[in-house]
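Note sheet for the following structure.
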Amino acid sequence: MTILSGLLLGMFLAALDQMIVASAMKTIADQLHGQTLQAWATTAYLITATITTPLYGKLSDIYGRKPMYLAAISLFLVGSLLSGIATSMYELAAFRAVQGLGAGGLMSLAFAIMADIISPRERSKYSAYFMAVFGSASVLGPVIGGVFAGLSSFLGVTGWRWVFLVNVPIALLALFVVARVLNIPHQRVNHRIDFGGAIALTVGLVPLLIVAEQGREWGWASATSIAMYVIGVLGLVAFVWVENRMGDEAMLPMRMFRNHTFSLGNTINFVLGIGMFGGMVSIPLYLQIVKGVTPTTAGLMLLPMTFGIMSATAIAGKVTSSTGRYKIFPIIGAGLMATALFLLSTIGTDTPSWLVMVYMFVMGAGLGQCMQTLLLAIQNDAEPRDMGVATASATFFRQIGGTVGTAVFLSILFSTVGDKIANGLRAAAQTDAFKAALGQNPEFAKMLQGGGGVDINNTEFLNGLDPVLAKPFLDGFSSAIDTVFMTGGIVMIAAFVLVWFLREKPLSTKSGLERVADAEALAV
């Protein structure tokens, strides 16, 4: 429990940041005049976190978990400071990328350390502690993010900047605690560091993720987009080639993909990441833009999803620990997530908030049964020497899916919302109520007649707009977000089908360190 306290503090840092930023992103994007650019801030963070995740896993197998965990916290601290002084959406994206360099190790290394000291059979019971951290972050994050986003200034600094600066004292405390209590045995393994694989992976992923974000503006078949496709594919081919040449010293050894649980489990993680992030980036936008609630209120309205995650994880962990069976939980979880996303695709401007919150609970209950269980299955079937890489791979593939999902779904949202709003305005313009409201708002009428319409990069104008005039905009955003939810539901059906093919291997009763000791004893 002493070691666990250090791990939970580091995980709390990453989880809190994600929740704070999610609830405040609309305000940040409005103030930096980049509502349609917000995907860059999210995608940049996810890109660097994704690419560094397997690198942390490999380096921790070589140099030990503690120094790499301390390095991850330090990078996250620097990125938070820089994000707090950003002056544009592009700067914020760059500084969030620095944060991501640290975030790549915070989650995966914590789970790898747990695998070192606790057996798979017992580990499932401890998932409740990790979910308590996520739950606390889910409660505190949106509230703190909403409060700061709603303040014009705090201690002489613009309110939204504290969304990032609040990480600084938490990171400093995490550094102190981890440095003091995280002391587990490690025997250094002399291996080369696979920098070639890291570079090739970067070359492969970044262009593909950029075109996913910018494709709607460039044109999916434009010369620039095609160039991004070609560079990305060549980078991924180079990555596979480098990893094959590096053998066991590869960042992500190719031999591990011959393991059924590893390959299928991470395929499911990838698909799960797409569906999960598709829902989690769209719900706050729906609540704040369509329902018009404050960031703080939007954060509190996400609590049903948090309760769903926590309760489902606790139940699944307890049953798994007592029976040793786990396959049924990701099956149920994927099914619930698909159902929830399809239900969310039916919501509109006038849908009662309580019904939306019920759908969020269902989604959380599904997510809580998937994440920890899939990680447990991968760790249980991994060799002790590969524990860091195997653990990091689960986060890696889920984050790749999340990055793809975030970029693609936000692209779908903002590429469709303009047409939907235009159609709604044309229909509303034929009604007497809209004409009367327009006559009482000459400035807005002049804006519409100016040929360019309104700028959806900043949606604050909707807050004080006549409800009759605002309705086409709210309906347009709601309809576009429904398209995102529907796409996410289709993706989760694929995850539901795949998880049936996962083989259920009996859970080991020995920790990673015990298995290493047994292997060394046999060698002697």
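The values are calculated or read from the model by the stated rules, or taken from the named source; none is laboratory data. These figures come from a predicted structure and were not determined experimentally. Cβ coordinates were reconstructed from backbone atoms using ideal geometry, including for glycine residues, and neighbour counts include every protein chain displayed.
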(request) Would you check if there is a residue in the stretch 487-506 being at pLDDT below 80 and closer than 30 Å to Phe270 by Cβ? (result) yes
(message) Residues that are surrounded by fewer than 24 Cβ atoms within 10 Å (Cβ to Cβ), modelled with pLDDT of 80 or more and among the acidic types (Asp, Glu): does the stretch 113-130 have at least one?
(response) no
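Take the conditions at pLDDT below 80 and assigned by TED's automatic domain parsing to the domain that holds Ala72 and apply them to Asn183. Does it pass? Break it down into steps so the answer makes sense when it comes.
Working: at pLDDT below 80: yes; assigned by TED's automatic domain parsing to the domain that holds Ala72: yes.
Answer is yes for this residue.
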(request) Confirm whether Ser60 is over 19 Å from the mean Cα position of the chain (by Cα) and of a type in the set (S, T, N, Q). (result) yes
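Which helices (runs of 4 or more DSSP H) sit wholly inside the stretch 1-105 and have at least 2 residues that are modelled with pLDDT under 80 and closer than 23 Å to Arg180 by Cα? So that I can check it myself, show each step before the final result.
Working: elements: 2-31, 38-63, 65-83.
So the answer is 2-31, 38-63.
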(message) I need every pair where a residue in the stretch 79-98 that is assigned by TED's automatic domain parsing to the domain that holds Leu32 has its Cβ under 8 Å from the Cβ of a residue that is of a type in the set (Asp, Glu) and in a helix (DSSP H, G or I), sequence separation at least 6 or different chains.
(response) Ser80/Asp17
(request) Assess whether Leu209 counts as being surrounded by 21 or more Cβ atoms within 10 Å (Cβ to Cβ) and in a helix (DSSP H, G or I). (result) yes
(request) Scan the stretch 178-200 and report the pairs whose first residue is farther than 21 Å from Gly235 by Cα and whose second residue is assigned to a loop (DSSP other than H, G, I, E, B) and modelled with pLDDT of 75 or more, with Cβ atoms within less than 7 Å and a gap of 6+ or a chain change. (result) His186/Gly64
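Yes or no, residue by residue, for (1) closer than 30 Å to Pro472 by Cβ; (2) buried (at least 18 other Cβ atoms within 10 Å of the Cβ); (3) touching a strand residue (DSSP E or B) at 6+ places or on another chain (Cβ under 9 Å); (4) among the acidic types (Asp, Glu):
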| site | (1), (2), (3), (4) |
| --- | --- |
| Arg258 | no, no, no, no |
| Leu287 | yes, yes, no, no |
| Ala338 | no, yes, no, no |
| Leu355 | yes, no, no, no |
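Would a scan of the stretch 399-413 turn up a residue that is assigned by TED's automatic domain parsing to the domain that holds Thr261, crowded, with 16+ Cβ neighbours inside 10 Å and touching a Pro at 6+ places or on another chain (Cβ under 8 Å)?
Checked against the condition, which is being assigned by TED's automatic domain parsing to the domain that holds Thr261, crowded, with 16+ Cβ neighbours inside 10 Å and touching a Pro at 6+ places or on another chain (Cβ under 8 Å), the stretch 399-413 yields no hits at all.
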(message) Please go through the stretch 214-235 and give me each residue that is assigned to a helix (DSSP H, G or I) and at pLDDT below 75, ordered by number.
(response) Gln214, Gly215, Arg216, Glu217
